[in-house]
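The values are calculated or read from the model by the stated rules, or taken from the named source; none is laboratory data. If you're wondering where the values come from, they're calculated on a predicted model, not measured in any experiment. Note that each Cβ is placed from the backbone with ideal geometry, even for glycine, and that neighbours are counted across all protein chains shown. For the accessible areas, the whole protein counts, side chains as well, though only heavy atoms, and no ligand, DNA or RNA atoms are used. Shrake-Rupley method; radii C 1.70, N 1.55, O 1.52, S 1.80 Å.
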Amino acid sequence: MQRYFAKMQTVFDWNDLKFFLALSRLKRMTAAGRALGIDQTTVARRIRALEKSVSAQLFIRDEAGYALTPAGERLLPIAMEVERSSTRVHEQIVGEAGRLAGTVRIGAPDGLGTYVVTPLLARFQRDNPDVDVALVVRSRQFQMSHQEVHLSLDLTLPTSGRLLARRMTDYHLHFFAAPDYLRRYGRPERLRDLRHHRLVGYIPEMLFSDELRYLEELGITAPVGFASTSMIAQREAVREGAGLAILPRFMALDDPDLEPVLVEDYVLTRTVWLLSHQSTEDLARVRAVSEYLQQVARKERHRFLIP
């Protein structure tokens, strides 16, 4: 059987590794091209050139886009080390005056990403205009070992990998409903009253963390009438009168179209962990964003917890 490529005949170009890393993280040629400020044809051409220079196929197509082959998996840590070395040169030589610069990618679920992280990052960037922020809002856990993101907000502690976890904040959750819904259907006084109400929540089989099984934790077995993988979608459904939902205080308490329900007896607590990979801990800009998020969360505990 003919090999995928002939023996290496071209000179290896380190610059092609940035195209390799972009595609390995973003999975699609178009997304990689946008991230690099070029068209997808150029990305494809540089990937082919890299594959030819290493005499191996690095990607295969699957339902999610482009996935790494075994050869690609072996190249990945080498490419990331080259990227880290390049960044250190920039920080220590070009930016030797101590100015923070470069991109920091942060991953978060939609509720935390939109209502907590976005305003904090905007404030951070106002004071550090040379730091580019890339916020990835996605309801799943991130591949920190691939440096898909530099920092990740998670509800569970990692059980494996070279990850560092820092407690960002605790927060409270409880039931909320729209005032009009309560006028029409009445206010539940006890948990058992919820069997006469419509509920809004997650799709059970699509949860990305057991920490989101709020109703199960309270022993509620009533069916969810409006379900979504997005907490923001749940919030909007409650605002429109679809039913009651357990929502974090940070995204519901100040909304006049949402009213707290059963707060005296049924409050849940969750912890936001700020995760980073050991390989990016020495990047000044990543460290600065991490410390800023922790510092502000401590100062603004009133946004997250019942006094």
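Extent of the stretch 15-96 along its three principal axes (Cα atoms, max minus min coordinate, largest first): 43, 25, 21 Å.
Could you give the length gained on full extension between Arg162 and Ala288, defined as 0.36 nm per residue of separation minus the Cα-Cα distance, in nm?
Separation in residues times 0.36 nm, less the Cα-Cα distance, equals 43.4 nm.
Computed with a 1.4 Å probe over protein heavy atoms only, the accessible surface of the stretch 15-96 comes to 54 Å² per residue.
Here the Kirkwood formula, the inverse mean of 1/r across different C-alpha pairs, assigns the stretch 193-267 a hydrodynamic radius of 12.8 Å.
Estimated at the nearest 10 Å², the accessible area of Val54 is 50 Å² with a 1.4 Å probe. The slack in the chain from Thr269 to Arg192, taken as 0.36 nm per residue of separation less the alpha-carbon distance, amounts to 25.6 nm.
Highest mean first, the peptides 72-82, 13-23, 215-225 sorted by other C-beta atoms within 10 Å per residue fall in the order 13-23, 72-82, 215-225.
Surface composition of the chain: carbon plus sulfur atoms hold 50% of the accessible area, using a 1.4 angstrom probe and ignoring ligands, DNA and RNA. Between 0 and 90 degrees, the angle of helix 16-26 with respect to the longest Cα principal axis of the chain falls at about 20 degrees. Out of all Cα-Cα pairs in the chain, roughly what percent, to the nearest whole number, are more than 26 Å apart? It works out to 55 percent of all Cα pairs. Can you tell me the orientation of helix 70-89 relative to the chain, as the angle in degrees between its alpha-carbon axis and the longest Cα principal axis, to the nearest 10? Its long axis makes an angle of about 90 degrees. Summarising the strand pairing of the chain, around 70 percent of its internal DSSP beta bridges are antiparallel.
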